[in-house]
Amino acid sequence: MIDSIAPDELAQVLADDTIPVQLIDVRERQEVEIAALPQFWVLPLSESGEWVDRLLEKFDPNCKTIVMCHHGIRSLHLCQWLEAQGFTDLYNVSGGIDAYAVRVDRSLPRY
């Protein structure tokens, strides 16, 4: 079972630069152009064939890893895959960037 992180909890993590964390956004590039959180690595699921090998080299499977998408479905899929690859501290942003825009940062455009 993948843990969820609420948008307000994500905001706390983003505000605290002492917390070691890996941040992955799996939305398509055109979605990220509409609304994005700059701390996240953008790795669109549709391009996974291009980055999957590097992901396993670049990211530490034992570091807290937070994955986000638009509403939380695609990010859950990547979390499940990462868990199968041995990642141990995974969190899916519940409600995705849409919920973050509603609950935390109303300046972010919604789509």
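The values are calculated or read from the model by the stated rules, or taken from the named source; none is laboratory data. As the structure is a computational prediction, the values presented were derived from the model and not from experiment. Please note: Cβ atoms are built from the backbone with ideal geometry, for glycine as well, and neighbour counts cover all protein chains shown. Note: areas computed on protein heavy atoms with side chains; ligands, DNA, RNA excluded. Shrake-Rupley method; radii C 1.70, N 1.55, O 1.52, S 1.80 Å.
Computed over the chain, relative contact order equals 36 percent, with contacts defined as Cα pairs under 8 Å that lie 6+ residues apart. Calculate the spin-label point distance for SER46 paired with GLU9, positioning each point 7 Å from the Cα along the beta-carbon direction, and give it in nanometres. Each label point lies 7 Å from its Cα, and together they span 3.1 nm. Label-to-label distance for ASP17 and GLN39 is 1.1 nm, based on points extended 7 Å past Cα in the beta-carbon direction.
Between GLN30 and LEU56, the modelled label-to-label distance comes to 3.1 nm, taking each label 7 Å out from Cα in the direction of the beta carbon.
Quick one: ranking ARG74, ARG103 by accessible area, 1.4 Å probe, largest first, what do you get?
ARG103, ARG74
What is the log10 of I(q)/I(0) for the stretch 1-61, computed with the Debye formula using one identical point scatterer on each Cα and no solvent, at q = 0.18 Å⁻¹? Log-scaled intensity ratios, in q order: -0.80. Calculate, in whole percent, how much of the Cα-Cα pair population of the chain lies beyond 18 Å. In whole percent, the share of Cα-Cα pairs in the chain beyond 18 Å is 44.
If the chain linking ARG106 and HIS77 were pulled fully straight, counting 0.36 nm for each residue of separation and taking away their Cα-Cα distance, it would gain 7.8 nm.
Over the chain, what percent of the accessible surface lies on carbon and sulfur atoms, probe 1.4 Å? The nonpolar share, carbon plus sulfur, comes to 49 percent. Calculated accessible area for the chain comes out at 55 Å² per residue, all protein chains present (probe 1.4 Å; ligands, DNA, RNA ignored). The angle between the Cα long axis of helix 73-84 and the longest principal axis of the Cα atoms of the chain comes to about 30 degrees, rounded to the nearest 10.
Taking the C-alpha atoms only, the angle from helix 48-58 to the longest principal axis of the chain is near 80 degrees.
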